[in-house]
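Where a number appears in this text, it was derived from the coordinates with a stated rule and is not lab data. Computed from a predicted model, the values in this text were never measured in an experiment. Using ideal geometry, Cβ is built from the backbone for each residue, glycine included, and neighbour counts are taken over all protein chains shown.
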Amino acid sequence: MTETKQRSSFSGRIGFVLAAAGSAVGLGNLWRFPYLAAKYGGGIFLLVYIILAITFGFGLMVAEIAIGRKTGLSAVGAYKKLNKKFSFLGWLTSIVPMIILPYYCVIGGWVAKYLSVYVSGQGQAAAEDSFFSGFISGTWPPIFWFFLFVAVTAVIVLFGVEKGVERASKIMMPILVVLSLVIAMYSVTRPGALEGVKYYLLPNFSDLTPGTLANTLLGAVGQLFYSMSLAMGIMITYGSYMKKENDLEKAVGQIEIFDTGIALLAGLMIIPAVFAFTGAAPEKPGPGLMFQALPKVFNSMSFGAVFGAIFFLLVLFAALTSAISLMETVVSIFQDKFGWKRRPTCALVAAGCLVLGCVSCLGYSVWDQVTVIGMQFLDFFDFISNSVIMPIVALLTCICIGYVVGTKTVSEEVKLSSRFRREKLFVVVIKYFAPICLVLILISSVLSAFGVMKI
Ligand code: TRP
């Protein structure tokens, strides 16, 4: 979207909330949240995540949407307009979607593969322990599905036909929520699943050390940004389309509840299932958790193959809408900056995405011995964006709003549409709580990634 054009806007608050939540809900909730929750100790992670969502997430989302609405511009222009010195921040935010898009499409490819497995009636094979690892360690199949996913995304972006997909996903999303509820209910009532429910919902403080807490905090903050599309300029763009008379504070609350609700549900679907089918906490939970746990659930259900097929189809839609909006963002950044035409820009972005995504794919097969600071490529890209760049962007945003531009600028914008009930919370979060947390988190994450500190 070029900034000179008249901004179109959402019809009302509900329209805005649905659009923003549609961008926020995606693989982050369904694929990433459950495996992180399992990795970082279940209940503790959940508790930390919820506390961070209502403080940190709230403050940052209010700030981003308000900046967008106030300036009427997307990230690069918005920061520049607020303060010339901070225009680099707009650029920094733009790097994040560029890093996320390729590996997001790799996971999207995995979802497409699983859909094909269920549609072709091989659901039973997918429930075998070795199925997932067999799939990702093959060289060509993951690349094939990844290419297919990128191609579909690129074609939709290229022809500007997102509207059709958005309309379809408005129908698909509520079905996904209902189906997830059914699967979660089935999952938690399996014999042995109760241990998993306890593990997931009840924080266990006895194993807590400062080191594990620091790690959990880092994981939770990164997940918060990722899942709510924060610290990457997305919410600024959405804010720029929001009408002045819509209640901004209420909208933020609703987006947060929606996004967190779906993530919680996904965890409830997956984590107890792991306990029920393997009898213990997931061993080394990683990006494959959803793909390993759910087929076992479907396999034990009557009509499991049908459930599996519908479920992966709906997840594919959620992934596709997010991938489209990520690619769209990257394309418009290049277009705005260099004045390039839309089609060649799309082609270039898709090509770049293919190259980078292949690195992630091959990281599980021919390059599985190659690691970057101890991580496989996909995990490395995920780490750099969620645990390094996004916290830096968030920290700089807090400094910009809290100390340079002033929290008043945001407060005034929020008050255009309603009383700002949580203004005090907002100010404390942006000026003190978030910056202090972020500095601590950044230091510990970098130290531990380079192995200086063992946490
Ligand atoms: N929040 C999305 C999810 O949970 C992922 C995402 C990150 C995203 N950045 C985005 C989606 C930008 C759309 C646009 O899956």
³J(HN,Hα), Karplus 6.51/-1.76/1.60, whole Hz, each residue of region 326-341, x for Gly, Pro:
5, 5, 4, 4, 5, 4, 6, 4, 5, 4, 5, 6, 9, x, 6, 6
In whole Hz, with x marking every Gly and Pro, tabulate ³J(HN,Hα) for region 260-271 from phi via Karplus 6.51 cos²θ - 1.76 cosθ + 1.60, θ = phi - 60°.
5, x, 5, 5, 4, 5, 4, x, 5, 6, 9, 5
Magnitude of the Cβ-charge dipole (Lys and Arg +1, Asp and Glu -1) of region 231-338 about the Cα centre, nearest 20 debye, reported as 220
Dipole of the chain [Lys/Arg +1, Asp/Glu -1 at C-beta], most positive-end residue of Gly288, Ala305, Ser94:
Ser94
Using just the helices of the chain, give the 222 nm mean residue ellipticity in deg cm²/dmol: DSSP H runs with n ≥ 4 each add -39,500 (n - 2.57), and the total is spread over all residues, rounded to 500.
-23000 deg cm²/dmol
First measure r as the distance between the Cβ atoms of Val177 and Gln369, then evaluate 1/(1 + (r/R0)^6) with R0 = 45 Å and state the FRET efficiency to the nearest 0.05.
0.65
Quote the relative contact order of region 103-169 in percent (integer), defining contacts as alpha-carbon pairs under 8 Å separated by 6+ residues.
44
Just want the ordering: Arg32, Arg422, from fewest to most Cβ atoms lying within 10 Å of their own Cβ.
Arg422, Arg32
Which of the listed residues, Pro210, Pro272, Leu194, is farthest toward the dipole's positive end in the chain, when Lys, Arg count +1 and Asp, Glu count -1 at the beta-carbon?
Pro210
Contact order normalised by length for region 311-455, with contacts defined as Cα pairs under 8 Å and 6 or more residues apart; what percent is it?
17
Hey, got the dipole for the chain? About the Cα centre, +1 on K and R Cβ, -1 on D and E Cβ, debye to the nearest 20?
1440
Once normalised by the length of the chain, the mean sequence separation of its alpha carbon contacts under 8 Å that are 6 or more apart gives a contact order in percent of 34
Mind pulling the angle between the C-alpha long axis of helix 210-227 and the longest principal axis of the chain? Nearest 10 degrees, somewhere in 0 to 90.
70
Along the dipole axis of region 40-190 (charges at Cβ: +1 for Lys and Arg, -1 for Asp and Glu; origin at the Cα centre), the most positive-end residue among Gly59, Ser169, Leu115 is Gly59
By how many degrees, 0 to 90 and rounded to 10, does the Cα axis of helix 58-71 deviate from the longest principal axis of the chain?
50
For the pairs Lys80/Lys244; Lys85/Lys337; Lys84/Lys408; Lys113/Lys198; Lys39/Lys250; Lys80/Lys170, note any where the Cα-Cα span goes beyond 24 Å.
Lys113/Lys198; Lys39/Lys250; Lys80/Lys170
Going by a ≥ b ≥ c, the root eigenvalues of the Cα gyration tensor, does region 168-207 fall in the rounded group (a/c under 1.5), the prolate group (a/b larger than b/c) or the oblate group?
oblate
For a footprinting-style exposure proxy, rank Glu245, Glu195 by other Cβ within 10 Å, fewest first.
Glu245, Glu195
Listed by chain and number, the aspartates and glutamates with an alpha carbon less than 17 angstrom from that of Lys81, same-chain partners under 8 positions apart left out, are Glu3, Glu64, Asp336, Glu412, Glu413
Answer in debye to the nearest 20: the dipole magnitude of region 91-204 about its Cα centre, from +1 Lys/Arg and -1 Asp/Glu charges placed on Cβ, is 240
Arrange the following residues from fewest to most other Cβ atoms within 10 Å of their Cβ: Met172, Met185.
Met185, Met172
